[in-house]
Amino acid sequence: MVRPWALCLTLLAAAAAAGAERGGSAQLAAPGRADCPSRCRCEEDGVLLRVDCSDLGLAALPANLSVFTSYLDLSMNNLTLLPASGLSNLHFLEELRLAGNDLTHIPKGAFSGLFNLKVLMLQNNQLRQVPSEALRNLRRLQSLRLDANHIHSVPPGCFKGLTSLRHLWLDDNALTEVPVQALGELSSLQAMTLALNKISHIPDHAFANLSSLVVLHLHNNRIRSLGKQCFDGLQSLETLDLNYNSLDEFPIAIKALSNLKELGFHSNNIKSIPEHAFIGNPSLLTIFFYDNPIQFVGKSAFQHLPDLRTLSLNGATEITEFPDLTGTKSLQSLTITGARITSLPSTVCDQLPNLQVLDLSYNLIQHLPSFSGCMKIQKIDLHHNEIQEVLADTFQELTSLRTLDLAWNKLHSVDPRAFSTLPSLIKLDLSSNRLSSLPAAGLHSLTHLKLAGNEGLQELLSAENFPKLRVMEMPYAFQCCAFVSCERSQHPWDREESSNKEEADRRDPSSVSHSEDHDLEDFLLDLEEDPKSHHAVQCSPAPGPFRPCYHLFGSWLIRSGVWIIVVLSFICNGMVAATVFLSPNFVSPAKHLIGLLAAANTLMGLSSGVLAVVDALTFGSFAQYGAWWEKGTGCRVTGFLSVFSGETCVFLLTTAALERGLSIRCSKRVEAKSTMGSVRLVSVFCFVLALAITVLPLLHVGEYGVSSLCLPLPFGEPSSLGFMVALVLLNSLCYFVMTVTYTRLYCNLEKGELDHFMESAMIKHVAWLLFTNCLLYFPVAFLSFSSLLSLSFISPEVVKSILLVIVPLPSCLNPLLYIVFNPHFKEDLRLLLKRSGMLQRNQRTSLVSENSEDAEKQSCDSTQALVALTSSENFRGKQSTEIYHPPVPFVPCH
């Protein structure tokens with residue numbers, strides 16, 4: 001029987017609808033409209049009204065709600081209670097949103113009169129149980145959201161009368177068990193989620209009356225066990241999600257799910273997959289069960305699944321054999337990573353003729369079968385295995401293959417015909433292997449090529465063989481010279497840090513991507529094939545000043561400067577060393593240190609000379625020999641000599657400064673001076689300490705072959721930067737000690753007192769050495785600390801000039817200062833030449849009568865110094881270990 005008021009409402013609605021057709025489409029209601037609640041936003045939809053009162057801070061239901069309201073949004077307010085019959089006049093209401101309030105209880109009758117309600121949202125409230133009576137008899141309700149509450153109880157009968165309910169959200173609550181009795185009323189339910197609860201067990205027949213259920217989510221619970229018949233009655237179920245639980249055994253209850261298409265139980269504690277595990281699920285399309293400690297997989301576990309499209313077994317660490325996939329011919333994506341598979345069956349492509357993606361990374365595979373039967377395969381990922389060679393037929397006739405990843409293996413041999421029949425291959429990764437050559441046949445379509453980490457691969461690649469290359473990663477920068485402009489180079493330390501970071505990512509097994517990443521990568525590859533997106537080739541490590549393509553030195557200014565330094569270093573240091581160690585004159589401790597300093601400077605000149613010779617021999621074609629030079633013994637020896645010479649010079653100069661300071665102090669106090677024996681002992685210690693520091697890069701603390709200059713540079717590996725910073729700090733400490741010593745020395749002397757000391761010339765000479773070496777070391781220290789602070793305003797060309805010219809410059813300046821300004825050199829040289837018979841006899845006999853006032857004064861000073869030395873030693877009662885016999889008669893000083 002039709003109720004009179006319902007008939008009136010229907011007639012009114014029809015009249016309003018007719019008026020709406022004549023008046024046009026829905027319009028936004030004015031805020032002051034009589035049937036629109038205050039502060040709410042209303043929108044007309046024909047005769048009906050959509051009311052939005054969300055996020056207004058309401059503590060009670062709005063007044064003056066129109067009887068024609070079809071949509072009411074009261075979410076994100078402060079409602080704590082719904083009054084009984086408070087919405088009973090909204091007979092046309094179809095969607096009611098009460099999410100994000102503070103509702104703790106919903107009384108009986110709160111939704112009475114809502115005969116047309118289809119969607120009810122109660123998520124994000126404070127409900128502790130499902131309303132026992134308020135939801136009854138909402139016969140048209142199709143979607144009910146009760147998620148993100150604190151529900152721990154679902155009373156039996158609370159869903160009575162919900163005959164049209166299709167979707168039920170009960171996730172993110174506090175349920176500890178499946179509400180079996182309450183769910184028995186929902187025969188029309190199609191999708192339900194009980195995820196993010198505290199359920200630990202699924203009993204038998206838990207969903208027996210849900211024959212229409214298609215989707216069931218049970219992930220992120222605490223499920224440890226399943227009843228063997230817990231899924232009985234779910235004849236229509238197609239998606240089952242058991243991920244992120246605590247299952248210890250394979251869920252054999254799934255055999256009742258004959259229509260199951262998508263199954264997920266990854267991230268559990270399942271240790272084995274039994275034989276015929278999916279015998280009752282012939283419709284399966286996708287299986288995800290990675291991140292389980294699987295130790296056993298039945299040989300027939302995945303057989304006879306004709307519709308299976310995706311199989312993922314990431315993290316199955318105990319799998320040692322490739323599964324038998326007979327009868328699973330529709331498989332398109334197979335992922336088994338992080339296992340211990342050592343070999344693949346020769347019939348893998350016979351079993352999987354439709355395979356498109358194969359990911360077997362992070363296994364122990366040593367030998368590969370022929371994949372020639374996998375005609376549809378597009379991607380093969382085999383990185384981080386132990387593959388040693390690729391035969392001619394391994395990838396033969398794979399016309400659809402686009403991506404091949406063989407990185408981080410032990411490849412030492414690739415057949416020249418291995419890639420010759422791969423016309424679609426655009427991405428090839430062979431990085432971090434042991435290759436010494438790369439066959440170019442068939443690689444003309446490549447856009448991505450990665451060969452980094454193959455130190456034995458030193459040959460140059462021809463750009464003609466790779467016309468479409470856009471992204472390259474080479475073992476050496478010189479191999480990029482044929483593809484990129486040598487002038488366009490990234491900043492050296494930025495380049496090294498980025499490459500190191502990428503290498504670290506590749507080493508990390510946690511960076512394994514799951515199969516869902518394949519679509520994104522395929523999209524990117526399609527984008528790369530678009531001719532509109534073409535741009536210049538990106539090749540790393542990029543050539544630049546430290547890894548040049550044509551000339552090691554780069555400019556004639558640097559080249560000329562280095563040659564001048566080399567020539568002067570050999571000549572001047574040779575002269576100083578000869579006059580010190582071969583002269584018959586007395587060798588004082590200071591002069592002995594100057595001789596050792598000349599010997600060390602000669603090694604620096606030798607190091608620069610080797611670089612100069614390499615630059616000359618490879619002039620205009622350095623890229624052909626760059627890789628051989630960087631990784632060769634010659635480069636390491638050159639860097640060794642340079643660092644050893646530099647450190648030895650700093651330590652010897654520090655010793656000389658301390659010796660001069662000690663000598664002055666002892667002369668003023670008439671104390672025992674430093675003996676030659678002690679100076680020699682300290683000198684030996686300087687050489688040993690410098691040798692110990694220089695050996696560190698050979699032990700991989702720093703590296704000499706990080707660039708073609710063969711020097712540990714302040715970028716790249718953290719060990720290289722740490723080594724350089726430690727050197728700078730140590731050398732800075734030495735210069736600080738020298739500066740303090742000489743500052744105190746000069747401050748303690750009275751005016752003119754320095755000229756009365758026996759070896760005042762040596763004191764002044766060491767001061768000059770200290771000043772010039774400290775001044776020249778400042779750019780090196782500044783460069784190192786700017787690199788440490790990532791200050792990139794210094795161009796690579798300037799850095800190269802500093803390393804090639806400024807660093808070795810003291811090796812020629814130190815002896816020049818001694819030759820030009822120290823009178824000891826002239827006297828020692830004259831005596832050395834006399835002893836060698838290279839001076840005429842008349843020059844020797846006329847030495848006493850020489851009229852040069854400067855020469856006479858110099859001879860007098862020398863003789864007086866020797867007399868003073870002898871008197872001082874006799875006064876202290878000590879016999880000198882080295883007696884000086886003047887080769888010329890004593891001349892009185894005037």
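Any read-out appearing in this document is the output of simple, stated calculations on the displayed coordinates, not a laboratory observation. In this text the structure is predicted, and so the values were computed from the model without any measurement. Ideal geometry is used to build each Cβ from the backbone, glycine not excepted, and the neighbour counts take in all protein chains shown.
Odds and ends about this structure:
- Here the relative contact order of the range 539-640, from alpha carbon pairs under 8 Å that lie six or more residues apart, stands at 39 percent.
- Label-point separation, Glu389 to Asn209 (7 Å along Cα→Cβ), nm: 6.9
- Each Lys and Arg Cβ is given +1 and each Asp and Glu Cβ -1; about its Cα centre, the range 38-128 then shows a dipole of about 320 debye.
- Taking label positions 7 Å along the Cα-Cβ direction at both Arg139 and Asn64, the computed distance is 3.5 nm, reported to one decimal.
- Under the simplified labelling scheme, the Ser555-Ser786 pair shows an inter-label distance of 1.4 nm, with each label point 7 Å from Cα along Cα→Cβ.
- Highest-first arrangement of 312-319, 684-691, where packing means the average Cβ count within 10 Å: 312-319, 684-691
- At R0 = 41 Å, FRET efficiency that the Cβ-Cβ distance of Lys299 and Ser436 yields, to 0.05: 0.55
- Straightening the chain between Val737 and Lys410 buys 112.5 nm, computed as 0.36 nm per residue apart minus the Cα-Cα spacing.
- Cβ crowding within 10 Å averaged over residues, with 545-556, 459-470 ranked highest first: 545-556, 459-470
- Pairwise centroid distance, computed over Cα atoms, of the range 421-438 with the range 179-193, Å: 55
- Subset of Lys198/Lys271; Lys261/Lys299; Lys271/Lys376; Lys299/Lys410; Lys329/Lys410; Lys228/Lys271 violating a 26 Å alpha-carbon distance limit: Lys271/Lys376; Lys299/Lys410; Lys329/Lys410
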